[in-house]
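Reviewing the structure listed below.
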Amino acid sequence: MTAQPTRQLSDGSSIPLLGLGVWQVPDGPQTVNAVRWALELGYRHIDTAQAYGNEESVGQALRESGVARDEVYITTKFFPNARDPLAELEQSLKRLGVEQVDLYLVHWPKGGPLRAWAGMEQAKERGLARSVGVSNFSAAELDQVLASGSVRPAVNQVQFSAFEYRRGLLEAAERHGIVLEAYSPLGTGRHLKDRRVTAVAERTGRTPAQVLIRWCVQHGLPVIPKSTHRERIAENGSVFDFTLSDEDMAALDALDTTGGTDRARADKWW
Ligand code: A2P
């Protein structure tokens with residue numbers, strides 16, 4: 001894999017466009033292996049969360065990889081059923097074995113979009129998180145944080161793919177200088193078999209996963225595909241040596257099933 005392209009955030013930090021997501025990967029060898037392989041293969045961005053329960057394994061893999069801490073971008077997320085973002089981050093740092101995370105996100109707007117934000121701002125002020133942001137926030141929820149917070153969220157991480165092309169939410173984020181980050185770019189695997197995606201893959205000589213990940217990259221968005229298989233982690237990382245044509249991008253844009261929504265989820269689990 002070649003050098004990792006990055007995108008600058010509003011607070012001046014930079015986030016690598018490609019990351020490995022470890023949602024639903026159990027703590028232990030599966031997470032350790034996935035993260036170690038990703039780092040071996042050149043990934044420099046790992047996305048975990050307190051709710052995933054696998055931060056210890058992420059930390060172990062980071063140490064075992066031999067890659068310097070300051071070369072890897074680490075995101076974790078505040079589990080919003082808990083009370084105190086700062087206290088929870090201190091625990092995360094212990095589990096990860098690092099002194100600071102690069103990005104700390106409110107995992108979902110439980111109790112309203114503002115409930116956790118003061119604690120998130122403190123986490124940044126104290127230097128425990130280089131950047132702070134949110135996840136699963138709609139445009140209206142972003143507005144509330146922007147109206148009353150003193151720190152602007154750097155990122156809003158949401159379910160986003162060609163099939164969930166939340167154009168309204170993307171435009172709202174861009175207008176406010178918030179970088180939208182895409183999770184579930186493969187639709188947790190569901191989108192890989194769609195014949196309109198496989199047709200683009202055949203035309204470009206790439207795999208469906210590479211096409212869907214490249215679509216995010218070409219929109220300038222950080223993206224965190226998840227896999228526990230080494231070959232797939234490698235495949236998903238090889239998206240910087242080809243370009244989708246304008247026609248193929250337009251064909252993929254047209255797959256949206258959300259009506260260009262400015263909401264973050266159709267199904268809220270909170
Ligand atoms: P696995 O972890 O067994 O490799 P998303 O990133 O949208 O959440 O999608 C993740 C799902 O897609 C996982 O079930 C993962 O399975 C599967 N997956 C990830 N990369 C690939 C790939 N390159 N080819 C096929 N399936 C993939």
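The values are calculated or read from the model by the stated rules, or taken from the named source; none is laboratory data. Bear in mind the structure is a predicted one, so any value in this text is a computation, not a measurement. Counting neighbours? That spans all protein chains shown, and the Cβs are built from the backbone with ideal geometry, glycine included. Note: areas computed on protein heavy atoms with side chains; ligands, DNA, RNA excluded. Shrake-Rupley method; radii C 1.70, N 1.55, O 1.52, S 1.80 Å.
Structure summary
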quantity	calculated
Test set (1) within 16 Å of the ligand (Cβ to nearest atom); (2) open to solvent by 50 Å² or more (accessible area, probe 1.4 Å) - VAL211 fails condition number	(2)
Some residue of the range 166-177 being open to solvent by 10 Å² or more (accessible area, probe 1.4 Å), on the phi > 0 side of the Ramachandran plot, touching a Lys or Arg at 6+ places or on another chain (Cβ under 8 Å) and not hydrophobic (A, V, I, L, M, F, W, C)	yes
The range 148-193: number of residues that are outside any loop (DSSP other than H, G, I, E, B) and touching a Leu at 6+ places or on another chain (Cβ under 9 Å)	16
Residues being hydroxyl-bearing (Ser, Thr, Tyr) and out of contact with any Phe, Trp or Tyr (no Cβ under 9 Å at 6 or more places or on another chain) - total across the range 14-32	0
Matching residues, the range 236-270, being part of a helix (DSSP H, G or I) and crowded, with 19+ Cβ neighbours inside 10 Å	ASN236, GLY237, ASP248, LEU252
Qualifying residues in the range 1-23 (those that are part of a loop (DSSP other than H, G, I, E, B) and without any contact (Cβ under 8 Å) to a residue 40 or more places away in the chain) - the one most open to solvent (accessible area, probe 1.4 Å)	ALA3
Failed item, numbered, when GLY112 is tested on (1) under 30 Å from GLN144 (Cβ atoms); (2) touching a Phe, Trp or Tyr at 6+ places or on another chain (Cβ under 7 Å)	(2)
Complete set of residues in the range 205-221 that are in a helix (DSSP H, G or I), over 14 Å from the mean Cα position of the chain (by Cα), more than 13 Å from LYS193 (Cα to Cα) and not aromatic (Phe, Trp, Tyr)	ARG214, GLN218
Selection count, the range 136-150, where residues are in contact (Cβ under 8 Å) with a residue 60 or more places away in the chain and either farther than 16 Å from LEU180 by Cβ or open to solvent by less than 30 Å² (accessible area, probe 1.4 Å) (or both)	5
Long-range neighbours under 7 Å by Cβ, at least six apart or interchain, first residue farther than 22 Å from GLN30 by Cβ within the range 229-248, second open to solvent by 100 Å² or more (accessible area, probe 1.4 Å) and part of a helix (DSSP H, G or I)	ASP248/ARG203
Contacts under 6 angstrom Cβ, first residue in the range 24-51 being more than 14 Å from THR76 (Cβ to Cβ), partner charged (D, E, K, R) and within 15 Å of the ligand (Cβ to nearest atom), 6 or more apart	TRP37/ARG230
Check on ARG196, assigned to a loop (DSSP other than H, G, I, E, B), more than 8 Å from the ligand (Cβ to nearest atom) and either open to solvent by 30 Å² or more (accessible area, probe 1.4 Å) or modelled with pLDDT under 95 (or both)	no
